[in-house]
1. Looking at Val139 and the list (1) surrounded by 13 or more Cβ atoms within 10 Å (Cβ to Cβ); (2) among the aliphatic types (A, V, I, L, M); (3) under 30 Å from the mean Cα position of the chain (by Cα), which single condition is not satisfied?
2. Checking the condition more than 13 Å from Phe46 (Cα to Cα) and surrounded by fewer than 17 Cβ atoms within 10 Å (Cβ to Cβ), which residue from Val173, Val150 passes?
3. Would you tally the residues in segment 153-165 being surrounded by 14 or more Cβ atoms within 10 Å (Cβ to Cβ) and either assigned to a loop (DSSP other than H, G, I, E, B) or aliphatic (A, V, I, L, M) (or both)?
4. Give me the pairs: first residue in segment 36-52 and in contact (Cβ under 8 Å) with a residue 60 or more places away in the chain and exposed (fewer than 15 other Cβ atoms within 10 Å of the Cβ), second residue among the small types (Gly, Ala, Ser) and in a loop (DSSP other than H, G, I, E, B), beta-carbon distance under 6 Å, and six or more apart or on different chains, which are they?
5. Consider only pairs whose beta carbons are under 6 Å apart and that are at least six residues apart or on different chains; among these, list those whose first residue lies in segment 179-191 and is in contact (Cβ under 8 Å) with a residue 24 or more places away in the chain and within 15 Å of Leu44 (Cβ to Cβ) and whose second residue is charged (D, E, K, R) and exposed (fewer than 14 other Cβ atoms within 10 Å of the Cβ).
6. Among the candidates Thr174, Thr112, which residue alone is closer than 28 Å to Thr192 by Cα and either in a loop (DSSP other than H, G, I, E, B) or of a type in the set (Val, Ile, Thr) (or both)?
7. Return yes when Ala125 is surrounded by 15 or more Cβ atoms within 10 Å (Cβ to Cβ), at pLDDT 90 or above and either assigned to a helix (DSSP H, G or I) or touching a strand residue (DSSP E or B) at 6+ places or on another chain (Cβ under 7 Å) (or both) and no when it is not.
8. Which residue, of Ala198, Ala194, is of a type in the set (A, V, I, L, M), surrounded by fewer than 16 Cβ atoms within 10 Å (Cβ to Cβ) and either in contact with a strand residue (DSSP E or B) (Cβ under 7 Å, 6 or more places away or on another chain) or at positive phi (or both)?
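The values are calculated or read from the model by the stated rules, or taken from the named source; none is laboratory data. This is a predicted model, so every value here is computed, not measured. Neighbour counts are summed over all protein chains in view; Cβ atoms, including those assigned to glycine, are modelled from backbone coordinates with ideal geometry.
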Amino acid sequence: MTARTFAPLAVACLPGALALAGVAQAQVPDPVTCLITPAETADLAFAVEGLVSAVHVSRGDVVAAGDVLAELDASVETVRLELAQARAADRHRIAAAEARRDHLEARADRATRLAANRTMPEAEAAEARMEATVAAEEVAAAEAERALAVIEAREAEARLRQKQLVAPMAGIVTDRALSVGERQQAQGPVLTLARIDALRVEAFPPISYVGSVTVGDTLTVLPEAPVDGAYPAVVTVVDQVFDAATGTFGIVLEIDNSDLSLPAGLRCELVFDPPS
């Protein structure tokens, strides 16, 4: 009798249990806190030491990749570059050596013919050929010297470029630690540049959220007040190594901020959008 009483109840409860399980599986995870930071940050320093002659940016300035941000005095390097370029462009020695070589080669050919007809001693013809060979080597030496001058010009140009601090990427100047007239020792950053045309969002949801997010998903980021709005962010990283101490795992997202409308350094809330 007991079995006949409870068996139908167990069967009757089964569809409801499955329905509840389905609701649980379809439930969207609660939002988690996150942080919005620049996509990249670069601490910039001069490659060489020297006296600061110009600073072209201030804190808060937006710069493009390749912009010259600051310069060291390069008067000596400029003169060395001009001298090296002048040497590299000078072809007078090569031209003179070529003219002498052509003359001596023609004389050697004539002497060889005369020696063959026995109208000139063979020793004189051999000497003429030797002079022509030496002249050809002098041309080669002049060409090699000019090639070295070209290399020296490139070296001088590279040394001159080291006197400039160039933006490696587009971004905004977040810190400036130099002024005109200061002497830089080529150590420690003098400018900090942050790329904010794309922003990085980092969050650490509970391990129970594993499977709720994958690379390529688009989630919604809600910045803290006073910044308003909802911003789509694409998941770029989902950690495969979890933090057992906190019971969390990390995810990284990227926000397109090409219009520079959203500042970096904000706390935010990451909303897990329901599947479409």
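1. All conditions pass for Val139, except number (3).
2. Values: Val173 fails: surrounded by fewer than 17 Cβ atoms within 10 Å (Cβ to Cβ).
Criteria check complete, one pass: Val150.
3. 6
4. Val48/Ala186; Glu49/Ala186
5. Gln184/Glu49; Gln185/Glu49; Ala186/Glu49; Pro189/Asp43
6. Details: Thr112 fails: closer than 28 Å to Thr192 by Cα.
When all the criteria are applied, what remains is Thr174.
7. Values: surrounded by 15 or more Cβ atoms within 10 Å (Cβ to Cβ): yes; at pLDDT 90 or above: no; either assigned to a helix (DSSP H, G or I) or touching a strand residue (DSSP E or B) at 6+ places or on another chain (Cβ under 7 Å) (or both): yes.
No; evaluated as a whole, the condition is false for this residue.
8. Values: Ala194 fails: surrounded by fewer than 16 Cβ atoms within 10 Å (Cβ to Cβ).
Just a single option satisfies the conditions, and that option is Ala198.
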